[in-house]
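Peer 1: If you scroll down you'll find the structure; I have some questions about it.
Bear in mind these aren't lab numbers, they're just calculated from the coordinates by the rules spelled out. Just so it is clear, the structure is predicted and the values come from calculations on it, not from any experiment. Using ideal geometry, Cβ is built from the backbone for each residue, glycine included, and neighbour counts are taken over all protein chains shown.
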Amino acid sequence: MPVLGLGTWRMGEAADRRAAEVAAVREAIALGYRLIDTAEMYGEGGAETVVGQAIAEALRAGDVRREELFVVSKVYPHNASRRGTREACERSLKRLGLDAIDLYLLHWRGEHPLAHTVEAMQALVAQGRIGHWGVSNFDTDDMQELVQVTGDGPGCAANQVYLSLGERGPEFGLLPWLRERGMPLMAYSPIDQGALAQDVGLAKLAGQLGVTAAQLALAAVMARPGVVAIPKAVRSAHLKENLAAAELKLDAATLAELDRLHPPPRRKTALAMI
């Protein structure tokens, strides 16, 4: 996976925004984004439809080849039974207009036993309907339980959680646990839904580096080994700024100042969710 992707939360919720959202995903692909994250929850399938239309248009135009894209989607917890997972995946594939989803995640833990969800995920991999499977909003204890039920089939490939300079809780225990197993952490809301763009301390430091506060906040997340960031962006300027942030190299002094402004966790805290 690339270290930077495009998030699509809140897309697909309104018909009058659809054309602009499709255009935004198209532009992201044209600019070089290759990781696109979505979910059946986003707009109740609307975001997947937006992504599917944008990908179809980009493929027809020759802007990208399918094998160059890494598409991520997620199953609702209440759909994550053995049968429900497979059926939800087929619905997502139809909306996306794809033969396979590259990474399919359980959005968060729900009522269905993890063993049933894992069994369905592994069957989808075997059938070629998904390339890999993973989870979202799983804390360390959830991950420890998960690895006990994976058996001999393909294991969990990634965990997507809320991680930003303003929400660094996963850095205490979860991120090191994932790193030890070579499992990427996908960071959603890495700019705190835009709030860090208004952070005075970040803005001052970013100004010294010739970047924006949002770019610095995003670069800080991507600077953590094993972390992939998936900020949502619709405006052209934000798409370009986020892409440029992936090229920022932060030196030790900058990282130390970021730790002063937004200290890392000193103890275990509950996993934050949005």
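Peer 1: Give me a comma-separated list of calculated 3J(HN,Hα) values for the stretch 61-74, in order, Karplus coefficients 6.51, -1.76, 1.60 applied at θ = phi - 60°, integers in Hz, x for any Gly or Pro.
Peer 2: Karplus values, whole Hz, x for Gly and Pro: 7, x, 6, 7, 9, 3, 5, 7, 9, 10, 9, 10, 9, 9.
Peer 1: Right, something else. For the residues S81, S136, S73, what sequence is obtained by ranking on other C-beta atoms within 10 Å, fewest first?
Peer 2: S81, S136, S73
Peer 1: Can you give the longest stretch of the chain with no exposed loop site, where a site means trypsin sites (Lys or Arg not before Pro) in a DSSP loop (not H, G, I, E or B) with at most 10 other C-beta atoms within 10 Å?
Peer 2: 66-248
Peer 1: A follow-up question, please. As a quick test, which of the pairs K204/K232; K94/K268; K204/K240; K204/K268 have an alpha carbon distance above 32 angstrom in this structure?
Peer 2: Beyond 32 Å: K94/K268.
Peer 1: From Cα coordinates alone, what are the radius of gyration and Dmax values for the stretch 168-232 in angstrom?
Peer 2: Expressed in Å, the Cα Rg and Dmax of the stretch 168-232 come to 12.8, 37.
Peer 1: Based on the Cα coordinates of the chain, what is the per residue volume of their convex hull in Å³?
Peer 2: Convex hull volume per residue, Cα atoms: 121 Å³.
Peer 1: Still on this structure, please answer the following. Can you compute the radius of gyration and Dmax for the stretch 66-168, using only the Cα atoms, both in Å?
Peer 2: For the stretch 66-168, the Cα radius of gyration and maximum Cα-Cα distance read 13.3, 40 Å.
Peer 1: Same structure again: Taking neighbour Cβ counts within 10 Å as the exposure measure, how do T269, T85, T38, T150 sort from fewest upward?
Peer 2: Listed from fewest to most nearby Cβ atoms, that is T269, T150, T85, T38.
Peer 1: Place +1 on the Cβ of every Lys and Arg and -1 on the Cβ of every Asp and Glu in the stretch 1-123, take the dipole about the Cα centre, and give the residue among Y104, G62, V25 whose Cα lies farthest towards its positive end.
Peer 2: Y104
Peer 1: For a quick check: sort E111, E167, E90 by the number of other beta carbons within 10 angstrom, fewest at the front.
Peer 2: So the residues, fewest neighbours to most, are E111, E90, E167.
Peer 1: Given H placed 1.01 Å from N in the peptide plane, which residues other than close sequence neighbours of T8 have an amide H under 5 Å from its amide H?
Peer 2: Residues meeting the amide H criterion: D37.
Peer 1: Taking H placed 1.01 Å from N in the peptide plane, check which residues at least 5 places from W133 or on another chain put their amide H under 5 Å from its amide H.
Peer 2: Y104, A157
Peer 1: Turning to a different aspect of this structure: Please pull out the direction-averaged projected area of the stretch 147-205, using the convex hull of its alpha-carbon atoms, in nm² to one decimal place.
Peer 2: Seen from a random direction, the Cα hull of the stretch 147-205 projects 5.1 nm² on average.
Peer 1: Continuing with the same structure: Taking the Cα centre as origin and putting +1 on Lys and Arg beta-carbons and -1 on Asp and Glu beta-carbons, what dipole magnitude results for the stretch 6-261, to the nearest 20 debye?
Peer 2: 480 debye
Peer 1: Looking at the stretch 125-274 from every direction and averaging, what is the projected area of its Cα convex hull in nm²?
Peer 2: 10.2 nm²
Peer 1: Could you tell me which chymotrypsin sites (Phe, Trp or Tyr not before Pro) in the stretch 1-52 are loop residues by DSSP with no more than 12 other beta carbons within 10 angstrom of their beta carbon?
Peer 2: none
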